[in-house]
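S.K.: Following this message is one structure expressed as structure tokens.
The values are calculated or read from the model by the stated rules, or taken from the named source; none is laboratory data. Just so you know, these numbers come straight off a predicted model, no measurement behind them. Reconstructed Cβ throughout: ideal geometry from the backbone, glycine too, with neighbour counts over all protein chains shown. For accessibility, only protein heavy atoms count, side chains too; no ligands or nucleic acids. Shrake-Rupley method; radii C 1.70, N 1.55, O 1.52, S 1.80 Å.
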Amino acid sequence: MKWKILIVLLILTVITAGCTEKSQESENSKIAQVSEGVQSGDESGNSEAGAPIDSIVFSRTGAMITLKEEADISQVKISSANSSTESIDIEKTEKQVFAAFDWEPDTQYKFEVITGDGAKSDLEVYAPEKPALKEEYAVTLEDVTPGPIDKTSANVEGVTKFSPDSKYLAIGTNGGSLKLIELATGKKVWEKQLVEGIADARIADIEFSEDGKSLIVGEESPDAFIYCFDLNGTEIWKYGAGQDLGSDLDHLPAMKKIKLDSEGNIYVAASRACGYIGEKYKYLGKVYSFDPKGNLRWKFPESESMDSGVTWIDNTPDGKYAVFGTTCFAKADKWKDGTVHVLDGTTGKEYWNYSIPPLEPFFDYSAIWYSTRITPDGANIITMTSDGRAFLFDNSKIMETGVPEVKWETNISTPILVSGVPIYGSSNYAYIINNTLIFSIGSTFSKDKNNDAPIEHPNGNSLFAYDTGGNLLWKWRLDGYAGECALNDRYLVIPIAQNLVTEDRNVHGVYVFDISKSGGSNSKLVQVYNTKGITVAADVSPDGKYIAALEAPARLDDGTVLGEYKVHVLT
């Protein structure tokens with residue numbers, strides 16, 4: 001009798017364990033679904049009177065609602081136990097609709113879609129811990145020859161830029177093509193081939209005017225034109241830097257960086273790498289300013305070109321100041337390498353300059369690439385030298401005293417010896433978001449010509465955030481080469497390409513940081529979208545809804561090509 005009771009108890013135990021396991025699997029599946037930010041509904045979860053809701057994807061600025069069929073949507077209502085009902089008028093016939101609202105993680109929301117004839121459908125879902133990135137569509141670009149993945153300087157390049165009203169996306173390609181895309185539909189509004197039949201010629205930079213009515217485009221080409229187009233693609237004006245910087249087919253000049261002030265005045269950094277002339281690698285540089293109609297306001301220098309390169313420029317919104325740094329791979333003869341220049345933005349007259357001495361014994365020159373920035377109020381200026389040092393200048397004080405000096409500097413990725421080989425993390429870009437100063441460190445290089453870097457520099461491929469007092473706020477290991485980041489008042493969007501040391505191919509993609517969030521870098525990293533190829537450019541729309549990630553193909557040692565040349569449009 002006892003053994004029968006034991007058998008019954010054993011059977012019950014097995015059944016209970018199996019039910020528990022299935023229940024746990026179901027719960028895990030539910031949790032995984034929530035973490036992706038996608039909630040799928042079925043007929044039982046919707047009112048049968050309206051078009052059923054198929055899915056809801058939570059993004060940074062709201063939620064994308066997808067219906068199972070197209071409907072004449074009149075209104076969307078959103079509510080939760082912790083908030084009152086929020087109504088959003090739509091008045092569109094759509095299968096997908098975006099509802100912009102601020103949501104809280106792990107909170108249950110009820111979405112109700114109301115059509116023009118009063119039919120309703122609803123779905124209750126939990127918001128995820130972090131928003132999802134969803135590809136709306138991709139814009140395929142021209143065929144290109146992939147660069148070798150072991151050399152970032154050979155990467156296929158490109159530029160993306162959203163219009164101020166978040167209605168258009170401009171794309172400039174490695175082959176010199178300029179496209180204007182309507183964001184809502186993904187349709188091409190127009191396309192122009194600005195540079196054709198010239199190897200290495202490309203679109204270098206793009207900016208929209210503040211009113212969104214014109215598009216300013218700089219190219220790398222024999223003429224190095226800067227163009228102004230209206231939104232119909234009509235050319236309004238152009239100007240070429242080739243007449244000042246010279247050109248040959250192996251060493252093209254470029255309108256490297258374009259910035260605008262609030263009055264629509266344009267500031268441009270133009271540069272040309274001339275190659276070796278004798279035993280020295282030579283650069284030429286010049287800075288221009290134009291009014292909105294294309295009239296030249298000033299050049300710096302006025303009557304000559306600098307014998308240093310200028311690859312970056314920044315200005316205050318009111319146009320009071322324009323700032324840039326110089327670069328070279330050797331000591332310049334006249335216009336010193338590694339020098340910060342501060343100009344009157346209206347006249348081009350130089351207020352002051354400061355030459356940063358080289359970091360000996362590792363370097364006998366200083367190089368400033370893409371990092372010289374000025375705070376919107378003109379109070380502070382930041383920059384980095386390629387050897388891994390970051391600097392801040394108190395511009396307000398310097399203007400008062402007339403004495404240029406460094407307020408603070410910090411060694412972020414300066415050379416260290418590993419097995420007798422000096423390695424350093426090359427400084428790339430600097431950014432200012434509100435009062436946060438962000439320095440981006442790129443790939444690890446060796447200063448020993450006979451030996452590659454044995455390991456990655458401890459601070460290579462990383463972000464470092466400081467306050468204006470020089471205090472480290474947070475840092476983040478990117479694990480890949482960071483290109484020029486996109487930013488607005490809240491988000492920092494980073495395109496990540498190859499890691500030259502670790503050769504980890506899984507890090508490619510776009511990474512989104514929400515700088516407004518409290519805490520360290522883990523809490524600020526809110527989204528990641530990986531690409532097969534390297535991601536070389538990115539932008540975020542002013543309304544925060546869209547992100548553009550430009551993927552480029554790269555060739556492995558065995559000839560295999562990773563990725564395609566295209567732009568992913570994400571929400």
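S.K.: Once the Cα atoms of helix 2-35 and of the chain are each reduced to a long axis, what angle between those two axes, in degrees from 0 to 90 to the nearest 10, is obtained?
M.R.: Roughly 40 degrees, rounded to the nearest 10.
S.K.: List, in order, the whole-Hz ³J(HN,Hα) value for each residue of the range 238-249 obtained from phi through the Karplus relation with A = 6.51, B = -1.76, C = 1.60 and θ = phi - 60°; use x for Gly and Pro.
M.R.: 8, 8, x, 8, x, 5, 8, 9, x, 6, 9, 5
S.K.: Once you order the gyration tensor axes a ≥ b ≥ c over the Cα atoms, which shape class does the range 503-551 get: rounded for a/c under 1.5, otherwise prolate or oblate by comparing a/b with b/c?
M.R.: oblate
S.K.: Could you check the simple spin-label distance between residue 471 and residue 320, using points 7 Å along Cα→Cβ, in nm with one decimal?
M.R.: Each label point is offset 7 Å from its Cα along the Cβ direction, giving 2.6 nm.
S.K.: What FRET efficiency, computed as 1/(1 + (r/R0)^6) with R0 = 45 Å and r the Cβ-Cβ distance, is obtained for residue 119 and residue 532, rounded to the nearest 0.05?
M.R.: After rounding, the FRET efficiency stands at 0.60.
S.K.: Quick one: Cα convex hull volume of the range 122-208, Å³ per residue?
M.R.: Hull volume over Cα atoms, normalised by residue count, gives 167 Å³.
S.K.: If you find the alpha carbon centre of the range 180-197 and of the range 51-95, how far apart are they in angstrom?
M.R.: If we compute the Cα centre of each part, the gap is 30 Å.
S.K.: Amide H to amide H, which residues 5 or more places from residue 329 or on other chains are under 5 Å from it, using H placed in the peptide plane?
M.R.: Long-range HN contacts for residue 329: none found.
S.K.: So, one more: For the range 307-454, which whole-number percentage of the solvent-accessible area (1.4 Å probe, protein heavy atoms only) is attributable to carbon and sulfur atoms?
M.R.: Carbon and sulfur together cover 46 percent of it.
S.K.: Per residue of the range 59-69, in order, report the coupling 6.51 cos²θ - 1.76 cosθ + 1.60 (Karplus, θ = phi - 60°) as ³J(HN,Hα) in whole Hz, putting x for Gly and Pro.
M.R.: Rounded to whole hertz, the list is 10, 4, 10, x, 9, 9, 9, 10, 8, 7, 7.
S.K.: Rg and Dmax of the range 378-434 over Cα atoms: what are they, in angstrom?
M.R.: 14.5, 48
S.K.: Residue by residue, what Karplus-based ³J(HN,Hα) values in Hz, rounded to whole numbers, does the range 171-176 have, using 6.51, -1.76 and 1.60 with θ = phi - 60° and x for Gly and Pro?
M.R.: 10, x, 10, 5, x, x
S.K.: In addition: Rounded to the nearest 500 deg cm²/dmol, what is the calculated helix-only ellipticity per residue at 222 nm for the chain, with -39500 (n - 2.57) per DSSP H run of length n ≥ 4?
M.R.: Taking each H run of at least 4 residues, the total per residue is -2500 deg cm²/dmol.
S.K.: Taking a threshold of 24 Å on the Cα-Cα distance, which of the pairs 167/524; 259/524; 179/566; 192/257; 257/524; 449/475 fall above it?
M.R.: Checking Cα-Cα distances, 167/524; 259/524; 257/524; 449/475 exceed 24 Å.
S.K.: Using only the Cα atoms of the range 181-252, what semi-axes does the equivalent ellipsoid have when each is the square root of 5 times a gyration tensor eigenvalue? Give whole Å, largest first.
M.R.: 25, 14, 9
S.K.: Tell me the relative contact order for the chain as a rounded percent, counting alpha carbon contacts under 8 Å between residues six or more apart.
M.R.: This gives 9 percent for the chain.
S.K.: For P(r) over Cα pairs in 20 Å bins from 0, in percent, which listed value, (i) 21, 58, 20, 0; (ii) 20, 50, 27, 3, 0; (iii) 19, 50, 24, 6, 1, 0, comes from the coordinates shown?
M.R.: (iii)
S.K.: Rounded to the nearest 0.05, what FRET efficiency do residue 135 and residue 192 give with R0 = 30 Å and r taken as the Cβ-Cβ distance? Could you check?
M.R.: After rounding to 0.05, the efficiency reads 0.70.
S.K.: Taking the Cα-to-Cβ direction at residue 153 and at residue 543 and moving 7 Å from each Cα, how far apart do the two end points lie in nm?
M.R.: 4.3 nm
S.K.: Using label points projected 7 Å from each Cα along Cα→Cβ, tell me how many nm separate residue 416 and residue 248, to one decimal.
M.R.: Inter-label distance under the simple model: 4.3 nm.
S.K.: Solvent-accessible area per residue for the chain at a 1.4 Å probe radius, Å²?
M.R.: Ligands and nucleic acids excluded, the result is 44 Å² per residue.
S.K.: Could you work out how much longer the chain between residue 408 and residue 145 gets when fully extended? Use 0.36 nm per residue separation minus the Cα distance between them, nm to one decimal.
M.R.: Full-extension gain reported as 90.3 nm.
S.K.: Next question. Is there a quick way to get the dipole size of the chain? I mean about its Cα centre, with the Cβ of Lys and Arg at +1 and of Asp and Glu at -1; what is the value in debye to the nearest 20?
M.R.: 940 debye
S.K.: Given the range 288-407, what whole percent of its Cα pairs are spread farther than 24 Å?
M.R.: So the pairs more than 24 Å apart make up 24 percent of the total in the range 288-407.
S.K.: Any idea what the dipole of the range 347-496 comes to, in debye rounded to 20, about its Cα centre with Lys/Arg Cβ at +1 and Asp/Glu Cβ at -1?
M.R.: In debye, rounded to 20, the range 347-496 gives about 160.
S.K.: Now for a separate question. Nearest 0.05, what FRET efficiency do residue 503 and residue 352 give at R0 = 45 Å with Cβ-Cβ as r?
M.R.: Efficiency computed from Cβ-Cβ geometry: 0.55.
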